[in-house]
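**Student:** Below are the structure tokens for one structure; questions will follow.
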Amino acid sequence: MNTIFGLLIISIGSMGQSSSYVPINKIKDWSWENFWLIQGIFAWLLFPLLGAFMANNFSGLLQIYTANSSATLQSIGYGVFLAGLLWYSQFFGLGMGQSFFEPGSVMMAFSWSILMSLNVVFSNVWGIILKEWKGAGEKAIYFLAIGMAVLIFSLIVPNLF
């Protein structure tokens, strides 16, 4: 039963996140920074809080958070803050990098896929360095290596022509 309820919450979260793109005609004159700010508030603050209250009552949430020491919660908070800072800094880097391309050029279209491919490669390399793949089967690491090789190949080879 918990699995079904968890999948229901994930489905509602997915619908909530995708609904951020519904009013695109109403906000097409907004800058992308304002759009991401509003989407971030709803998709990463309000909707997850709503999901937490769907899964637990208020006293249950308090019990979950008070079960850990404040030092543990503080270290988690610093990690979350750092991860969010790094996540959003990539968009500023993307925006600055795109300013070197001509509007409507093919590189403007490919810059997002390049960014996402590099995210996958660097996050997996970082996971390997931190030994997050320790205990994973040989087959999983084999597929990880093949996937990263395909991404790197797809980033390098088209630029050669």
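The values are calculated or read from the model by the stated rules, or taken from the named source; none is laboratory data. Everything numeric here is computed off the predicted structure, so don't read it as measured data. Here Cβ is always computed from backbone atoms with ideal geometry, including for glycine, and neighbour counts include all displayed protein chains. These area figures cover heavy atoms from the full protein model, side chains too; ligands, DNA and RNA do not enter into them. Shrake-Rupley method; radii C 1.70, N 1.55, O 1.52, S 1.80 Å.
**Student:** Just to confirm the filter: which trypsin sites (Lys or Arg not before Pro) across region 53-161 are DSSP coil and have at most 14 other Cβ within 10 angstrom of their Cβ?
**Tutor:** Loop-located and lightly packed - LYS131, LYS134.
**Student:** Let me ask something additional. Treating only the Cβ of Lys, Arg, Asp and Glu as charged (+1, +1, -1, -1), what charge dipole size does region 21-161 show about its Cα centre? Round to the nearest 20 debye.
**Tutor:** Dipole of region 21-161, to the nearest 20 debye: 240 debye.
**Student:** Ignoring everything except DSSP H segments at least 4 long, calculate the 222 nm mean residue ellipticity for the chain; use -39,500 (n - 2.57) per segment, divide by total residues, nearest 500.
**Tutor:** Taken over the chain, the calculation gives -24500 deg cm²/dmol.
**Student:** What accessible area per residue comes out for the chain, rounded to a whole number of Å², with a 1.4 Å probe?
**Tutor:** Per-residue accessible area for the chain comes out at 78 Å².
**Student:** Using a 1.4 Å probe on the protein chains only, how many percent of the accessible area of the chain belongs to carbon and sulfur?
**Tutor:** Ligands and nucleic acids excluded, carbon and sulfur reach 73 percent.
**Student:** Something else about it: Once fully extended, how much extra length lies between ALA83 and ILE129, figured as 0.36 nm per residue of separation less the alpha-carbon to alpha-carbon distance?
**Tutor:** Extra length from ALA83 to ILE129 when fully extended: 14.9 nm.
**Student:** Show THR72, THR66 ordered by accessible area, largest first, where the area counts protein heavy atoms only and the probe is 1.4 Å.
**Tutor:** THR66, THR72
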